[in-house]
Amino acid sequence: MSGKGGVGKTSVSVNLAIALANMGYKVGLLDVDIHGPDVPQMLGISGILSVDLDKKMVPMRYGDNLKVVSMEFLTQNKDDAIIWRGPVKHTVIRQFIGEVGWGVLDFLIIDSPPGTGDEPLTVAKLIPDAQAIIVTTPQEVALADIRKSISFCQNVNMVILGIIENMSGFICPHCRKNVDIFGTGGGEKTAKTYGLRFLGRIPFDQDMVKCGD
């Protein structure tokens, strides 16, 4: 989660899910960004969810170890706007968690939209032992927003697994020098201030942009 859009929550979620699956773990990836789901695009998968004999939705598969559910798998046209209020979103997320044939999972990675509204609140209420990974970019405007995410987790008693500083530096392909486009160190500083685990920095990578598209 993050209090700000555009910091790379989905790319972190997708890469983390694939990495765990490649290590042999059984992984579920749940996209609860109802209004702007991007997980299917990043994974290059499409289609409509089917229902099994137990009347549970069958998640899409990405390889042998990764199952995926997203709002986009319930819409005929992925460009159609989803115009829903909070109670409807709560119902759908509850169904995504409890009425999907996930099977036995080692990890369920949940990609939330920006902010501290209906979607992360619903996850916090439905999965009391869920833990938050907060994603930020290094600049102060992003850090101000993740402090709201930290406050959210404290208010709903959600354990924060740690903070990731994304887009932290860029290695120039010509001179191989590092350029701190958005600054550096802000995520680590915030983690220390709040006594949280700093999980690391992820540099800006042009290949990530190409692969995500």
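Determine, yes or no, whether Ser46 is without any contact (Cβ under 8 Å) to a residue 40 or more places away in the chain and either open to solvent by less than 30 Å² (accessible area, probe 1.4 Å) or farther than 27 Å from Cys211 by Cβ (or both). Please lay out each step first, then the result.
Working: without any contact (Cβ under 8 Å) to a residue 40 or more places away in the chain: yes; either open to solvent by less than 30 Å² (accessible area, probe 1.4 Å) or farther than 27 Å from Cys211 by Cβ (or both): no.
Criteria not met by Ser46.
Here are Lys67, Lys55: which of them is at negative phi and outside any helix (DSSP H, G or I)?
After ruling out the rest, the residue left standing is Lys67.
Of the conditions (1) open to solvent by 10 Å² or more (accessible area, probe 1.4 Å); (2) under 16 Å from Lys192 (Cα atoms); (3) in contact (Cβ under 8 Å) with a residue 40 or more places away in the chain, Ile160 fails just one. Which one is it?
In the conditions (1) open to solvent by 10 Å² or more (accessible area, probe 1.4 Å); (2) under 16 Å from Lys192 (Cα atoms); (3) in contact (Cβ under 8 Å) with a residue 40 or more places away in the chain, Ile160 misses (3) alone.
Report, ordered by the first and then the second residue, all pairs with beta carbons closer than 6 Å, sequence separation of six or more or different chains, a first member in region 197-212 that is open to solvent by 100 Å² or more (accessible area, probe 1.4 Å), and a second member that is charged (D, E, K, R).
Qualifying pairs under 6 Å: Arg201/Glu165.
Does Val69 fit the bill of being surrounded by 15 or more Cβ atoms within 10 Å (Cβ to Cβ) and either at pLDDT below 95 or farther than 22 Å from Gly6 by Cα (or both)?
no
Going through region 125-143 one residue at a time, which ones are under 13 Å from Val7 (Cβ atoms) and either modelled with pLDDT of 90 or more or surrounded by 14 or more Cβ atoms within 10 Å (Cβ to Cβ) (or both)?
Within region 125-143, Ile133, Ile134, Val135, Thr136, Thr137, Pro138, Gln139, Ala142, Leu143 qualify.
The values are calculated or read from the model by the stated rules, or taken from the named source; none is laboratory data. Predicted model only: the values in this text are computed from it and were never measured. For neighbour counting, all protein chains shown are included, and Cβ atoms are generated from backbone atoms with ideal geometry for every residue, glycine included. With ligands, DNA and RNA removed, areas are computed over all heavy atoms of the protein, side chains included. Shrake-Rupley method; radii C 1.70, N 1.55, O 1.52, S 1.80 Å.
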